[in-house]
Amino acid sequence: MGKLILVPTPIGNLEDITLRAIRILKEADLILAEDTRTTSHLLKHLEVHKPLRSYHQHNEHKVVEDLISTINQNTITILVSDAGTPAISDPGFLLVRECIKAGIIIETLPGPTAFVPALVNSGFPCNEFTFIGFLPQKKGRQTKWKQLTEETRTFILYESPYRLVKLLEEIKENLGETRNVCVSRELSKLFEENKRGAVTEVLNHFKQKTVKGEIVVIVEGKHDSKKTDAEEED
Ligand code: SAM
């Protein structure tokens, strides 16, 4: 019976791939990739020569059944996304769920993901946090903001550079101008930037330039008046 292994790949710096990930990529029978061209570049760099098949958000429902039998015929099938950990704001969940139903063994390697360094860099409490990822573009966005107004844990948002200013304006509007945020841009890359402060200040900073690169926004949770400072620092 085959096995499905999810392998995290670098989010910017090509050195951020584990020795185990490289070994397993070299042992694979087949690599499922979100974008075969992006993955080919990485595999070339790692000197891995394995067959690739595309698996992305536009074909996942169509190919999942066929993939289950392919995974069963192979010894090791790998799933990678363009960057970071598959299934984290990327395709993967459906395949994992269907493999579990079919009794296929799943392994996920520990490795790069954008939200962990952004969360830790923020300096906001990370004993408890909530991962939101991309907010819905239209339907459900306002409902989500209503829920987030009450969120006392640090929370994590993914956003495109073109929509960062709009997102910061929404944070200011819904959570107040003094709410602390940390914008991590281009993590692990040459021009990495971590801008911390009250949302108004961070908004002014990003309004003054054309925002480029990849972005994670960490938002400090609502201050829980019932908690003591010591409890919040735990
Ligand atoms: N699977 C990935 C992970 O494990 O983090 C996330 C994929 S999601 C399609 C892409 C988003 O992740 C970007 O829009 C950005 O919000 C975030 N991201 C990816 N790489 C990043 C980086 N180097 N710096 C900051 N954010 C990054």
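The table below gives the values:
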item: Residue under evaluation H205, criteria (1) more than 16 Å from the ligand (Cβ to nearest atom); (2) within 22 Å of S225 (Cβ to Cβ); (3) in contact with a Gly (Cβ under 9 Å, 6 or more places away or on another chain), criterion not met; result: (2)
item: Counted residues, region 7-48 - those being acidic (D, E), within 16 Å of the ligand (Cβ to nearest atom) and surrounded by fewer than 19 Cβ atoms within 10 Å (Cβ to Cβ); result: 3
item: Qualifying positions in region 158-187 - within 12 Å of the ligand (Cβ to nearest atom), buried (at least 18 other Cβ atoms within 10 Å of the Cβ) and outside any helix (DSSP H, G or I); result: Y158, E159, C182, V183, S184, R185, L187
item: Checklist (1) of a type in the set (D, E, K, R); (2) over 23 Å from G12 (Cβ atoms); (3) outside the structural domain of E220 (by TED's automatic domain parsing) applied to D90, failing item; result: (2)
item: Residue list for region 192-202, filter: out of contact with any strand residue (DSSP E or B) (no Cβ under 8 Å at 6 or more places or on another chain) and within 14 Å of the ligand (Cβ to nearest atom); result: none
item: Residue pairs meeting the criteria (Cβ under 6 Å; at least 6 apart or on separate chains; first assigned by TED's automatic domain parsing to the domain that holds P161 and at pLDDT 95 or above, in region 190-205; second of a type in the set (V, I, T) and not in a strand (DSSP E or B)); result: K195/V202; A198/T178; V199/I171
item: Scan of region 44-55 for residues that are in contact (Cβ under 8 Å) with a residue 12 or more places away in the chain, out of contact with any helix residue (DSSP H, G or I) (no Cβ under 7 Å at 6 or more places or on another chain) and within 18 Å of P10 (Cα to Cα), ordered by number; result: H45
item: Residue within region 71-78 that is of a type outside the set (S, T, Y) and part of a strand (DSSP E or B) present; result: yes
item: Selection from region 144-157 of residues that are closer than 16 Å to I218 by Cβ and outside any helix (DSSP H, G or I); result: E151, T152, R153, T154, F155, I156, L157
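Table: residues versus (1) without any contact (Cβ under 8 Å) to a residue 12 or more places away in the chain; (2) in contact with a strand residue (DSSP E or B) (Cβ under 7 Å, 6 or more places away or on another chain); (3) not assigned by TED's automatic domain parsing to the domain that holds V64.
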position	(1), (2), (3)
S122	no, yes, yes
P136	yes, no, yes
R141	yes, no, yes
W145	no, no, yes
I156	no, yes, yes
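The values are calculated or read from the model by the stated rules, or taken from the named source; none is laboratory data. Here the structure is a predicted model, which is why all the values come from computation and not from measurement. Backbone-built Cβ (ideal geometry, glycine too); neighbour counts: all protein chains shown.
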